[in-house]
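Below is one structure, written out as structure tokens, with a few remarks after it.
The values are calculated or read from the model by the stated rules, or taken from the named source; none is laboratory data. Keep in mind that what you see is a predicted model, and the values were worked out from it rather than measured. Cβ atoms come from the backbone with ideal geometry, glycine included; neighbour counts cover every protein chain shown. Note: areas computed on protein heavy atoms with side chains; ligands, DNA, RNA excluded. Shrake-Rupley method; radii C 1.70, N 1.55, O 1.52, S 1.80 Å.
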Amino acid sequence: MLLALAACNKIETNVQPVENNEGIPFSATISVGNNATTKALAESGSTIVATWAVDETVALIHNGVKDEMTVSAVNEGVATITGTITGSPSDGDAVTVIYPASAADGTTGKIKADLLYAQNGLLTGDGSIAANYDARKGTGTLKVNGTTASLNGNMTLDNQFAIFKFTVKNADASATIDVKPLTVTIDTQHYVITPASATSTLYVALPAVSSQTVSFSATGSDSKTYTCSKDGVTFAAAKYYQSTLKMSEPPLLTTITATAKEQASYSTANVATVSFSYTAGGSSAYLANWGWWGYGWIATVTAAEGYTITKCIFYDDANRTATDSEAPFVVETTEEDKTPQVNGTPIQAWTSKGIKKIEVYGY
């Protein structure tokens, strides 16, 4: 809807820049780029149909000012945006348009860096890609003629993310796996997709990457952890991909075997470490029959750089086990009882004496 101009002093049409704190009317047309077919309103075969909708808002950024414009009309994929431009716009000023307005990172002209970190795996509806993650951007210049403003020509907005339809299956792709959540890791960034209920189909928006390792970790409806990883991955912004994730339970990374007080051997080195800490009255020792034992000690398993631990299995002196599937991965004793405990539960109360080895699983 075109916003009415509030009463103001007369402005000469040949004066630039326009100095009007109340703003001047703005109207322009913007369109979807030729390859930006990822506005996720509907899936059509192997593509995502792109379109505008009336009343959607876009951010107009110029000279350190962000104004919000409204899509007031749509005609065959071209949107007319109207509103009020504030500040002191001049003819020829650089301008950035970002859709939706909520995706704009202040007045930087960039998309919010944290926009993709928490998603719900839906294509449409509340919290979906269509609602929150169809982030598009275009750049151009302003056309200002004194009492009105527009763009110099039609601006094309290109989608800044790739959109995926992931189907989660087992390792040989013979069956689907319902998961909740799914975490996508690219470099040091983790994108967590948490659907309302466990599902094998998730729609995910991700930044473009080139020749990178992309890792996936998920918790299945059976409470098991599933992972997969692929090296040398490349995908582009403004593209739609359909991909099957062949996931399996993560492999054994290393076995940590107690050899002396606070010392251990590793079946595979440089994957994980174990460190000890103590309560005020705590102490530990090592016995060949019991492994690490004592009172008030805490042993913490930590992954080395480049590795992720999904679970640790702790073995006591008689090969009884306890599993920890959530960080921090810790086994401990109290000052009153040397029975090893995992998440506050003794492996076997008054019977387990110490820890002889730890199996570390992950990727």
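Ligands, DNA and RNA left out, the 1.4 Å accessible surface of the chain is 47% carbon and sulfur atoms. From most to least packed by mean Cβ count within 10 Å, the peptides 184-190, 53-59 give 53-59, 184-190. Sorting 242-250, 276-284 by average packing, meaning the other beta carbons within 10 Å per residue, from highest down gives 242-250, 276-284. Normalised by the number of residues in the range 217-322, the mean separation of alpha-carbon contacts (under 8 Å, six or more apart) gives a relative contact order of 18 percent. Extent of the range 124-211 along its three principal axes (Cα atoms, max minus min coordinate, largest first): 64, 33, 23 Å. Sort the range 76-121 into rounded, prolate or oblate with this rule: let a ≥ b ≥ c be the square roots of the eigenvalues of the Cα gyration tensor; rounded if a/c is under 1.5, and if a/c is not under 1.5, prolate when a/b is larger than b/c, oblate otherwise. Here the range 76-121 falls in the oblate category. Using 0.36 nm per residue and subtracting the Cα-Cα separation, the extra length available between residue 188 and residue 335 on full extension is 49.1 nm.
Here residue 54 and residue 176 are evaluated by their C-beta separation; at R0 = 25 Å the FRET efficiency comes out at 0.05. Across the chain, C-alpha contacts under 8 Å between residues 6 or more apart give a mean separation that, scaled by the residue count, equals a relative contact order of 12 percent.
Between the labelled values [x] 20.5; [y] 21.7; [z] 24.2, the entry that holds Kirkwood radius over Cα pairs in Å as derived from this structure is [z]. Using a ≥ b ≥ c from the Cα gyration tensor of the range 254-305 (square roots of the eigenvalues), is it rounded, prolate or oblate, where a/c under 1.5 gives rounded and otherwise the larger of a/b and b/c decides, a/b for prolate? Here the range 254-305 falls in the oblate category. Taking label points 7 Å from Cα along the Cα-to-Cβ direction, residue 73 and residue 211 give a separation of 4.9 nm.
With a 1.4 Å probe and all protein chains kept in place, how do 136, 320 rank by accessible area, largest first?
Ranked list, largest accessible area first: 320, 136.
Residue 160 sits among other residues whose Cβ lies under 11 Å from its own Cβ, and their net charge, with Lys and Arg +1 and Asp and Glu -1, is +2. For residue 230 and residue 351, what does the FRET efficiency come to when R0 = 45 Å and r is the distance between their Cβ atoms, rounded to the nearest 0.05? Approximately 0.50, to the nearest 0.05. Extending each Cα 7 Å along its Cβ direction at residue 221 and residue 278, get the distance between those two points in nm, one decimal. Distance between label points: 5.0 nm. Counted by Cβ distance under 11 Å from residue 220, the other residues give a net charge of -1, where Lys and Arg count +1 and Asp and Glu count -1.
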